[in-house]
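Okay, structure first, notes after.
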Ligand SMILES: Nc1ncnc2c1ncn2[C@@H]1O[C@H](COP(=O)(O)OP(=O)(O)O)[C@@H](O)[C@H]1O
Ligand SMILES: [Mg+2]
């Protein structure tokens, strides 16, 4: 199915879409009318080609509740045995947005590396896009984890595509236009470590808060579109802040309600004592998981165990 087959896409519109970086009907179907109008497609035409694209990719077809129940999701094991035992899907499942929040040094980046490698080593995905907003991507760590999973480190490192955007506009560009190119090559896992760092740096102060929230919302909405259209898994790490009200020492993930509602499974990570290489995570909001479950982990040079 190619863009040319869509009624209403003539040579001029095709050129415009290609310039924009839209390469497939599935990718086109993810856009909104307003987004196409913003790049110069006439309103009527945008409505027409999007409705046609939606039909072609089947997004206007219903599923029965029985079909829902019978749906089997692809899953990969994380290698953190307790996580794989205690989470409802027995690992990380497709088409979900995961969030791992915690203070610095709790092991978020380590776990992000581990999930990237584990998903490749198990054959769950052919590629991983790793968006590193804090400059902490570590190829040596990825290599050590690959060895732990008995995978060829060279092959694993070649399949992780690292982006280091400098600002929110670059991040949005990568998610909207670069990620779909990797998806075409078999990418089903996207990591963003951390999701909120660029927003906190760029939108500073109370008067910027509404804009910040809007832009975070916009980005996670794109992750949702990719999840729906391509079953993409997104692994987000997140920073925490002191709870505005409540007990001293209580932390909450940043990003507010917008992020809380957008992710499908949200975990908190914690280390009592940084002198010991251990910590635990628990579900803040995970469907089918009791909030009092503890997933303990040990920090090793090859990830969390
Ligand atoms: N081999 C190791 N053994 C024990 N602790 C380690 C090892 N390597 C790194 N660490 C520690 O693990 C923690 C996890 O770091 P990281 O994943 O970068 O945290 P975050 O991304 O949450 O800030 C750090 O405190 C680091 O000092
Ligand atoms: Mg980190």
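The values are calculated or read from the model by the stated rules, or taken from the named source; none is laboratory data. What you see is a predicted model; the values in this text were computed from it and never measured. Heads up, the Cβs are rebuilt from the backbone with ideal geometry, glycines too, and the neighbour counts pull from every protein chain shown.
Some values worked out for this structure:
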| item | result |
| --- | --- |
| Failed item in (1) away from ligand 2 (no atom under 16 Å from the Cβ); (2) touching a strand residue (DSSP E or B) at 6+ places or on another chain (Cβ under 8 Å); (3) in contact (Cβ under 8 Å) with a residue 40 or more places away in the chain; (4) more than 22 Å from residue 165 (Cβ to Cβ), with residue 251 passing the rest | (1) |
| Hey, residue 227 outside the structural domain of residue 31 (by TED's automatic domain parsing), without any contact (Cβ under 8 Å) to a residue 24 or more places away in the chain and more than 16 Å from ligand 2 (Cβ to nearest atom) or not | no |
| Residue match in segment 107-119 (condition: at pLDDT 95 or above and surrounded by fewer than 18 Cβ atoms within 10 Å (Cβ to Cβ)) | no |
| Enumeration of residues in segment 103-117 that are within 13 Å of residue 235 (Cβ to Cβ) and touching a strand residue (DSSP E or B) at 6+ places or on another chain (Cβ under 6 Å) | 108, 109, 110, 111, 112, 114, 115, 116 |
| Selection status of residue 76, at pLDDT 95 or above and more than 16 Å from ligand 2 (Cβ to nearest atom) | yes |
| Residue list for segment 253-285, restricted to those being outside any strand (DSSP E or B), under 23 Å from the mean Cα position of the chain (by Cα) and either modelled with pLDDT of 95 or more or within 15 Å of ligand 1 (Cβ to nearest atom) (or both) | 254, 263, 264 |
| Helices (runs of 4 or more DSSP H) lying entirely in segment 7-85 (those with 1 or more residues that are in contact with a helix residue (DSSP H, G or I) (Cβ under 8 Å, 6 or more places away or on another chain)) | 11-20, 25-29, 33-38, 43-56 |
